[in-house]
Amino acid sequence: MPVAASAIYFLNLRGDVLINRLYRDDVGGNMVDAFRTHIMQTKELGTCPVRQIGGCSFFYMRISNVYIVIVVSSNANVACAFKFVVEAVALFKSYFGGAFDEDAIRNNFVLIYELLDEIMDFGYPQNLSPEILKLYITQEGVRSPFSSKPSDKPVPNATLQVTGAVGWRREGLVYKKNEVFLDIVESVNLLMSSKGSVLRCDVTGKILMKCFLSGMPDLKLGLNDKIGLEKESQMKSRPNKSGKTIELDDVTFHQCVNLTRFNSEKTVSFVPPDGEFELMKYRITEGVNLPFRVLPTIKELGRTHMEVNVKVKSVFGAKMFALGVVIKIPVPKQTAKTSFQVTSGRAKYNASIDCIVWKIRKFPGQTEPTMSAEVELISTITERKAWTRPPIQMEFQVPMFTASGLRVRFLKVWEKSGYNTVEWVRYITKAGSYEIRC
């Protein structure tokens, strides 16, 4: 497993070392000199946050008037290193009252060394949750006079938090009405040819949750993913009859998800944080249901005239509708005058982006509105360069529709007190990079 850091340095803007910590012996204590010589003094700090010098990798980030530099000599996990820096700064701010700068570091040397020993072990990040660390590192930092006052939050049970690894939720939560809100939000990325064939298509999605539940509930989420349904049918010894299944790619989960149970049973089980959080992210490349199909026809009639015809067909159900639909049809820079007719919505020429912008506030399903435009170009004596025809771009939002076909089969809430819960599920599909060549 690649390490995240062999050493970490905190430098001021002059390059002076404020504090440092060596986690492994594969780098020397003078490696920061190479950072000063090859990066700071050459004024290349703003070019790239990752540099390799003399067989070592340097990852650095500027926070206020402090540079945080991580040095690694072996194969490194860069994303993990930067995530560690961001979360470590958030931890320091929670101790220092919201301030993190050179003065805050100079005033809290002892506390920072103690925290650095706890949050990383031999180059591997450990627990960086402020709620958990404050249970056994009780020393208070020296606060800046401009920092916010500490909040009077109840202290959670130390044994449960440290040994039970549930640092994202505290005990004793009580709500009059126990509710769970679940949103499946997807972005469709598409590149389509002018003839309607798909050149590239994928869907990136995320499941957002907002929980207002009492106690320490255990939730179980069932989706119509192929692997999960096959595993469930094997365990129940009967064939699956849940309809369409999908294959999820590149799935990442929130830390609250029980990965052991997911690997064995393929079910998403978790003790949720209180409030709003992102449960999981995923990507789908096969079997994408496109919400719209665009058929453009652009004719160049001589040197000073063009005809543009665009038909947009909504493929989703007739009872559904899209909101905020915007179609941007490119035209040449030499456009002098435009006139158009639309069967739905409004269109106008935007000279700043060289596009005809067609807007439809509410786009019903199974309809085919069209836009016809005549474009007059400025006549020039010199030979004009051939127009490259940029792609047509779309923006939209379709409620209660998923391009991937992902559906929530069940959402079960169990809590020892046995209270009743209300679950709300919503689906939203948006345009990511939705482009059609013309």
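The values are calculated or read from the model by the stated rules, or taken from the named source; none is laboratory data. It should be emphasised that the depicted structure is a prediction, and the values quoted were computed from it without experimental measurement. We place every Cβ from the backbone using ideal geometry, glycine too, and count neighbours over all the protein chains shown.
Picking from LYS412, LYS416, LYS362, which residue would you name as being of a type in the set (D, E, K, R), outside the structural domain of LYS210 (by the TED database) and surrounded by fewer than 16 Cβ atoms within 10 Å (Cβ to Cβ)?
Details: LYS412 fails: outside the structural domain of LYS210 (by the TED database); LYS416 fails: outside the structural domain of LYS210 (by the TED database).
Result of the check over LYS412, LYS416, LYS362: LYS362.
Pairs only if they're at least six apart or on different chains, beta carbon under 7 angstrom, first in region 186-215 and not assigned by the TED database to the domain that holds GLU423 and surrounded by 17 or more Cβ atoms within 10 Å (Cβ to Cβ), second assigned to a strand (DSSP E or B) and among the charged types (D, E, K, R); list them, first residue then second.
No pair meets every condition.
Of the residues that make up region 243-254, is at least one basic (Lys, Arg), modelled with pLDDT under 85 and more than 21 Å from VAL203 (Cα to Cα)? Walk me through it before giving the result.
Filtering region 243-254 for residues basic (Lys, Arg) gives 244.
Next, from what is left, pick out any that are modelled with pLDDT under 85: 244.
Narrowing further to those that are more than 21 Å from VAL203 (Cα to Cα): none.
No, that holds for no residue.
For residues that are at positive phi and not hydrophobic (A, V, I, L, M, F, W, C), scanning just region 385-438, find the one that is farthest from the chain's Cα centre (by Cα).
In this case the residue turns out to be GLY418.
GLY15 - would you say it is in a loop (DSSP other than H, G, I, E, B), exposed (fewer than 15 other Cβ atoms within 10 Å of the Cβ) and either assigned by the TED database to the domain that holds GLU118 or free of Cβ contacts under 8 Å to residues at least 24 places away in the same chain (or both)? Walk me through it before giving the result.
Values: in a loop (DSSP other than H, G, I, E, B): yes; exposed (fewer than 15 other Cβ atoms within 10 Å of the Cβ): no; either assigned by the TED database to the domain that holds GLU118 or free of Cβ contacts under 8 Å to residues at least 24 places away in the same chain (or both): yes.
Judged against the criteria, GLY15 is not a match.
Among the residues of region 290-331, which ones are over 18 Å from GLU374 (Cβ atoms) and in a loop (DSSP other than H, G, I, E, B)?
The answer is LEU290, PRO291, VAL315, PHE316, GLY317, ALA318, LYS319, MET320.
From ALA104, ALA90, grab the single residue that is in a helix (DSSP H, G or I) and crowded, with 16+ Cβ neighbours inside 10 Å. Working first, answer last.
Numbers: ALA90 fails: crowded, with 16+ Cβ neighbours inside 10 Å.
Criteria check complete, one pass: ALA104.
Report, by residue number, each residue of region 332-353 that is surrounded by 16 or more Cβ atoms within 10 Å (Cβ to Cβ) and outside any strand (DSSP E or B). Before the answer, list the steps.
Taking region 332-353 first, the residues surrounded by 16 or more Cβ atoms within 10 Å (Cβ to Cβ) are 332, 334-335, 338, 340, 342, 344-345, 347, 349.
Answer for region 332-353, where residues must be surrounded by 16 or more Cβ atoms within 10 Å (Cβ to Cβ) and outside any strand (DSSP E or B): PRO332, GLN334, SER344, GLY345.
Scan region 21-35 and give yes if some residue there is touching a residue at least 40 places away in the same chain (Cβ under 8 Å), over 31 Å from the mean Cα position of the chain (by Cα) and part of a strand (DSSP E or B), otherwise no. Steps first, please.
From region 21-35, those touching a residue at least 40 places away in the same chain (Cβ under 8 Å) are 21, 23-24, 26-27, 31; that's our starting set.
Next, only the ones that are over 31 Å from the mean Cα position of the chain (by Cα) stay: 21, 24, 26-27, 31.
Among the residues that remain, those that are also part of a strand (DSSP E or B) are: 21.
Among the residues of region 21-35, at least one is touching a residue at least 40 places away in the same chain (Cβ under 8 Å), over 31 Å from the mean Cα position of the chain (by Cα) and part of a strand (DSSP E or B), which makes the answer yes.
Anything in region 242-267 that is buried (at least 17 other Cβ atoms within 10 Å of the Cβ), touching a residue at least 24 places away in the same chain (Cβ under 8 Å) and closer than 19 Å to GLU186 by Cα? List them, or say none.
ILE246, LEU248, PHE253, HIS254 - these are the residues of region 242-267 that are buried (at least 17 other Cβ atoms within 10 Å of the Cβ), touching a residue at least 24 places away in the same chain (Cβ under 8 Å) and closer than 19 Å to GLU186 by Cα.
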